[in-house]
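Here, each number is a calculation from the coordinates, and none is a lab measurement. What you are looking at is a predicted structure, and each value in this text was computed from that prediction instead of being measured. Neighbour counts are summed over all protein chains in view; Cβ atoms, including those assigned to glycine, are modelled from backbone coordinates with ideal geometry.
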Amino acid sequence: MTSPGRGGPPSAWADAATGLGDFARQVLAVAGSELHKLGRDPTELLTRSVQPILWLLVFGQVFGRTHAIPTGGLGYLDFMAPGVLAQSILFTSIFFGIAIIWERDLGILQKTLVSPAYRSALVLGKGLSAGVRALAQSALVVVVTLVLGIRLRAHPAYWVGVVLAVAVGAAVFSTFSLVVACVVKTRERFMGIGQVLTMPLFFASNAIYPIDLMPGWLQVVARLNPLTYLVDGLRYLMVEGAASAFGLGVDLAVQVLVLALLVAVAARLYPTVAV
């Protein structure tokens, strides 16, 4: 007989551990498959890094000279660099969902859906692979920030936080992209909606100017925008002397909660793509 303090029969704990292990293996298998595709075409990372690098080299340096945007004790390039890194994560991840439309058209998705894999594991695995892709791309952006003389933090603990923030942020927006793909179901509609969403998400955030400069209604939108919390966390973790407006714990908690919600929604909608 199991003692009351154990919380349940040993078999229940064993079943839970087995289920969790199966889920983790499925997530890693899906992520590995997605990263294998990237290994066949690594030039994608380079091409997608061009836009954020141009933002730093052109937009950042021009506005840094004008001193038109108050950024507290930070130089404008220092303030902007984490926002540009978040932009690169957003712009890469927001179009990630088109992959499942291609998989449906090629018949791959149908084979995946008849497997016994957890639907949430399929979704989270894709989100994990997007996080790894974003880390590789982010490394290129960080190199440019070093060349530009931006004051980055030196302590390794902060950069562990940066890695976590980038991975979770990429998973959030790639999973959101999967939800959009599940709803629209065609490449043409998906690309159109992706183009419409990227700029509002970017400009209605604290990526290139403080929230305090926004009109009241836009401040409300910015505080509902998950990109705002990604930028806030990255700014604190990356830049020497930067402070977090919301608190690092809040930034991470918002990202994790949004990711959990999106994974649940995407897992529910995932089978409908094949219909």
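Values for this structure:
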quantity	calculated
Amide H contacts of residue 239 (H built 1.01 Å from N, under 5 Å, at least 5 apart or other chain)	153
212, 78, 251 arranged by Cβ crowding within 10 Å, fewest neighbours leading	212, 78, 251
Rounded FRET efficiency, nearest 0.05, which uses the C-beta distance separating residue 135 from residue 110 and R0 of 45 Å	0.90
Note, ³J(HN,Hα) from phi for the range 110-120, Karplus 6.51, -1.76, 1.60, rounded to Hz, x at Gly and Pro	4, 5, 5, 6, 7, 6, x, 5, 5, 5, 5
Net charge of neighbours whose Cβ lies under 10 Å from the Cβ of residue 81, counting Lys and Arg as +1 and Asp and Glu as -1	+1
